[in-house]
1. With all pairs of different alpha carbon atoms counted, what Kirkwood hydrodynamic radius in Å does region 1-54 show?
2. Can you tell me which of LEU100, LEU20, LEU78 moves the most in a GNM of the chain? Springs connect C-alpha atoms under 10 Å apart.
3. With unit charges on the beta carbon (Lys/Arg positive, Asp/Glu negative), name the residue among TYR94, PHE67, SER84 whose Cα is farthest towards the positive pole of the charge dipole of the chain.
4. In debye, nearest 20: dipole of the chain around its Cα centre with unit charges on the Cβ of K, R (+) and D, E (-)?
5. Residues in region 84-121 near a label at LEU11, defined as backbone nitrogen under 12 Å from the 7 Å Cα→Cβ point?
6. Report the FRET efficiency, 1/(1 + (r/R0)^6), for GLN1 and LEU47, where r is their Cβ-Cβ distance and R0 is 22 Å, rounded to 0.05.
7. Compute the convex hull volume of the Cα atoms of the chain, divide it by the residue count, and report the result per residue in Å³ as a whole number.
8. Where a Cα-Cα gap under 24 Å defines reach, which lysines qualify for LYS64, not counting those fewer than 8 residues away within the same chain?
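Any read-out appearing in this document is the output of simple, stated calculations on the displayed coordinates, not a laboratory observation. Computed from a predicted model, the values in this text were never measured in an experiment. Cβ sites come from the backbone with ideal geometry, for glycine too, and all protein chains shown count toward neighbours.
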Amino acid sequence: QVQLVESGGGLVQPGGSLRLSCAASGTIFSISGMGWYRQAPGKQRELVAGINSGGVTNYAGSVKGRFTISRDNAKNMLYLQMNSLKPEDTAVYYCNAVVLSGIDMNEYEYWGQGTQVTVSS
């Protein structure tokens, strides 16, 4: 079994910064794609940023130039540096990972429990 645990959310003023972290633990052989998603009240969950095992990244247009996704493969960690935050960034942010199981060598997709980010003055 694999667990993803997010941290780093909170309340921040417009223009401020936050750094989200996601720790993956369990029977992991390797992790291929990882990403951050968010879901605002009344809206569908959307991809914020993704990163593959080689470090290639992609971003939603609304966050490009403000957010930076990164990962530490040795520690099975995922990060999201969020700068110049706007009220419309307010949402629950979820960590996502595609994990190659160390038990049966099959790939499984996992989600974290989410962390709230609120941007408000």
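1. 13.4
2. LEU100
3. SER84
4. For this selection, approximately 380 debye.
5. Backbone N within reach: 118-121.
6. The calculated FRET efficiency here is 0.35.
7. 91
8. By straight Cα distance, LYS64 reaches LYS43, LYS86.
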